[in-house]
1. Go through (1) touching a residue at least 40 places away in the same chain (Cβ under 8 Å); (2) under 30 Å from D168 (Cβ atoms); (3) outside any helix (DSSP H, G or I) one by one and return the number of the condition I289 breaks.
2. Can you tell me which residue within segment 252-269, out of those that are among the small types (G, A, S) and closer than 28 Å to L211 by Cβ, is nearest to the chain's Cα centre (by Cα)?
3. Which of the residues spanning segment 234-283 are in contact with a strand residue (DSSP E or B) (Cβ under 6 Å, 6 or more places away or on another chain), among the hydrophobic types (A, V, I, L, M, F, W, C) and farther than 15 Å from T194 by Cβ?
4. Can you tell me how many residues in segment 41-54 are surrounded by fewer than 17 Cβ atoms within 10 Å (Cβ to Cβ) and closer than 19 Å to C135 by Cβ?
5. Pick from K68, K30, K34: which is at pLDDT below 95 and of a type in the set (D, E, K, R)?
6. Quick one: count up the residues across segment 26-38 that are in contact with a helix residue (DSSP H, G or I) (Cβ under 8 Å, 6 or more places away or on another chain) and free of Cβ contacts under 8 Å to residues at least 12 places away in the same chain.
7. Of all the residues that make up segment 165-176, how many are surrounded by fewer than 22 Cβ atoms within 10 Å (Cβ to Cβ) and either hydrophobic (A, V, I, L, M, F, W, C) or more than 27 Å from K115 (Cβ to Cβ) (or both)?
8. Which residue pairs have Cβ atoms under 7 Å apart, sit 6 or more places apart or on different chains, and have a first residue in segment 217-246 that is under 21 Å from K280 (Cα atoms) and a second that is of a type in the set (K, R) and crowded, with 22+ Cβ neighbours inside 10 Å?
Amino acid sequence: MTFISDILSLTPEELGKYIAGTGEKPFRTKQILKWLHQKRAASFDAMSDIPLGLRERLKSDFSFEHIKPVRVLESPADGTVKLLFELCDGNHIETVLMSYEHGDSLCVSTQAGCKMGCRFCASTIAGFRRNLEPCEILGQLYETERATGRKVSSIVLMGIGEPLDNFDNVVKFLRILSSPDGTDMSLRHVSLSTCGLVDRIYDLAALDFGLTLSISLHSPYDEKRSELMPVNNRYHIPELMKACRDYFAKTGRRISFEYALIEGENDSYGDAKALVGLMKGMPAHINIIPVNKIKERSYRSDRASAQRFCKLLCGLGANATVRRTLGADIDAACGQLRREYEGADKNTEV
């Protein structure tokens, strides 16, 4: 039985099947999992209570690579930490550690680049490279805790990439993360943000993981949303909202709708009224986000305009808040540091 996978990408069930195939006792599975996910071993050689013969076999059947931080920026203002990681093939991804009253939350990437083409997002400008493996998503958690000495209490899949476009690897990551023999984090402490891949929302609902689903909506009108988010040309708003209602019916979990506010584009009273109408009859929260400034786009907004729009929504009966801005002094928005770093590399090479 030969594997070419990174061992951190294996679920406990997959590792157990492998161990059974070697003829080793089943308890070896739990021992290895403990080294990987609790002791955070740096190599197979560090697994001191695993027989040498099994360690050598693991070395031959699996890779054991680590993503590495190449830049770490910390905000003096609020303690937000932004990390740029280099993958084994030279690609780069970003991770952001944010501090809240309930603990530290980690925003992780699920792809190197993004295919979705949202007009206001820096992640999509540099183009799509590839999906991340489960070990690379998990590695962002382990290496961030190692680099900062801080304990992560919740995870947001809202970094670079569209999580549901990397569905199988994200599901494996979630299974490893929540396993009692893995990281043992309850998926009620996990949020997954999607631009609205409707077929995959149904697939996620069927798994009933109990995580919070966040929908990047950004306009209540099909024409405007299609202009801002090309994915809406495939899945129109009525179809998306139907999937959201199904998700709530199956999981009982309230859905959060992300709304990047853009002055003069989606911030009118009519926008607010139509947005509230979409939520009618469904427990939902609207999270208003002042759009991030990026060099390639002219979109803009500020916290004052976001507060004004929030007041409109609340006056119409919606549950809405303005997202707290963290890491503004270190450009903590997704994709900015990656593009700057890779651009600098290219300039250096020339």
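1. (1)
2. Once the filter is applied, the top-ranked residue is S256.
3. The one that is in contact with a strand residue (DSSP E or B) (Cβ under 6 Å, 6 or more places away or on another chain), among the hydrophobic types (A, V, I, L, M, F, W, C) and farther than 15 Å from T194 by Cβ: L261.
4. 4
5. K68
6. 1
7. Matching residues across segment 165-176 total 2.
8. H218/R225; S219/R225; N232/R225; I237/R225
The values are calculated or read from the model by the stated rules, or taken from the named source; none is laboratory data. What you see is a predicted model, and the numbers here were worked out from it, not measured in a lab. All Cβ positions, even for glycine, are placed from backbone atoms using ideal geometry, and neighbour counts span all protein chains on display.
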